[in-house]
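Asks: Sending over a structure as structure tokens; questions will come in a sec.
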Amino acid sequence: MSDEELPVATPSDESQPVQSDTTQSPAPSTPAVSTPLAQTPVQTPWWVADGQSTSAALTPILPTKRVLQVTWYMALAMSLIAGLVGALVGKVAFDNSPHLTTSNKVIERSPDSIAGIAAKVSPSVVEIDSTTSSGTDTGTGFFIESNGYIMTNNHVIEAAVLDNSKITVKLANNKEYTATVVGRDTSYDLAILKIDVTGAPALVLGNSDNVQVGDSVIAIGSPLGLQGTVTSGIISAKNRPVTTSSDNTAGENAFIDALQTDAAINPGNSGGPLVDATGAVIGVNSAIASLGNNISGQPGSIGLGFAIPINQAKKQADQLIKTGKSHYPIVGMSLDSNFAGPGAKIANISSAILPGGPAQKAGLQAGDIILAIDGVDISTANDLIVAIRAHSIGDTVTLKYQRGSVTKSVQLTLVASK
């Protein structure tokens, strides 16, 4: 803002015309002399009415002169007022400080607002850091039990586990603890850690089966190491088949029947909670899609994030906490990853069917093409794997398959992986 000098208005002194109050003494009288005068006509000016005395018409009307007497206290008051006016004018003309409008009003935030939910959930979310020979990894986790159990993604800690490196957990209050690995599951990209605390603020685990497309969600984590970052969005889709891999696993992939969200998820968000409008966890943030159509934890968010449904995560977490290991359901057959579809083709190899497994008992053979599971069409081999792993061990499923020109359906019961 440029400073403009304002013209200072000062009262002008108006000079009143002053009538001289001089009193003339009458001239001494002289004797009148009777002298005969010639009679000459007198011309009356145009502004004098006929019959009016000329001398009377030319007499000016004098203004009345008022004399103002100023007392000492009036002079003092006038001096004070003049000083105050001068100070104000000077401040306006020369004050360089900005004149900003501020407000001290308190915003009322309801407990179910984004701010309210974030305030409730954030103390339960932790940052997970590890340093290995290949660099530093940062991810997110959250308390699932008050005695220090933390859920996260396997890929967050995998490099540290394989490198025998230290894993550090940083709480929301910036306290740090060394974590131990209770167990990890590469098939679902999940891991359980534990730190030595009691009374931890464990989050409520919701029901991901009840989630609907369009539901509001909030993601909390440490993207790029920025702890406690909160983003919001909606559930964009359900049952998205997502496959993730890691440079540190020997060909092991995670197959996820994922929740899709447009809440911003970036590297470092992995393992953090995706919560619903009540603050209950409905998913574990795990992966994002890049513009190259790859699922990875490295590119930035383009509004396509994926989370492991919490119902699936709970089943694996229970197994890991109890035994340190977890299992997933299988049908006992190997699939041809090169088959373009539609459908999933059982590989044409002698070991494609597991002896004594559900597929063999149901009469499936190498070369059969699986077209649907429980009435849902299958496009690729990954679709079938994701659909099977979304079930529980012991569930019964119906597979529709094609052998040559014949299409049939069979039922089989899923068993646990070795």
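Each reported figure results from applying straightforward, stated rules to the coordinates on display, with no laboratory input. In this text the structure is predicted, and so the values were computed from the model without any measurement. Here Cβ is always computed from backbone atoms with ideal geometry, including for glycine, and neighbour counts include all displayed protein chains.
Asks: Please give the net charge around G367, taking every other residue with its beta carbon less than 12 angstrom from that of G367, where Lys and Arg add +1 and Asp and Glu add -1.
Replies: 0
Asks: As an exercise, use a Förster radius of 45 Å and the Cβ-Cβ distance of S350 and L162 to find the FRET efficiency, rounded to the nearest 0.05.
Replies: That gives a FRET efficiency of 0.85.
Asks: Starting from the Cα of D196, move 7 Å in the Cα-to-Cβ direction to define the label point; list residues of the range 156-179 whose amide nitrogen is under 11 Å from there.
Replies: Correct set: 178-179.
Asks: If you don't mind, another one. Less than 12 Å Cβ to Cβ from Y401, Lys/Arg counted +1 and Asp/Glu -1: what total charge do the surrounding residues give?
Replies: +3
Asks: Mind listing the phi-derived Karplus ³J(HN,Hα) values for the range 339-351, rounded to whole Hz, using 6.51, -1.76 and 1.60 with θ = phi - 60°, and x for any glycine or proline?
Replies: Going residue by residue, I get 6, 7, x, x, x, 10, 9, 5, 4, 8, 9, 5, 9 Hz, with x marking Gly and Pro.
Asks: Net charge around I321, counting only other residues with Cβ within less than 15 Å of its Cβ (Lys, Arg = +1; Asp, Glu = -1)?
Replies: Net charge around I321: +3.
Asks: Taking H placed 1.01 Å from N in the peptide plane, check which residues at least 5 places from T380 or on another chain put their amide H under 5 Å from its amide H.
Replies: For T380, the qualifying residues are G343.
Asks: While we're here: For the range 228-234, what does the Karplus curve 6.51 cos²θ - 1.76 cosθ + 1.60, with θ = phi - 60°, yield as ³J(HN,Hα) per residue in whole Hz, taken in order and with x for Gly and Pro?
Replies: x, 6, 10, 10, 9, x, 9
Asks: How would the range 114-323 be classified by its alpha-carbon gyration tensor: rounded, prolate or oblate, with rounded meaning a/c under 1.5 and the a/b versus b/c comparison settling the rest?
Replies: Rounded.
Asks: Taking the Cβ-Cβ separation of K322 and K105 as r and a Förster radius of 56 Å, what is the calculated FRET efficiency to the nearest 0.05?
Replies: Between K322 and K105 the formula returns 0.60.
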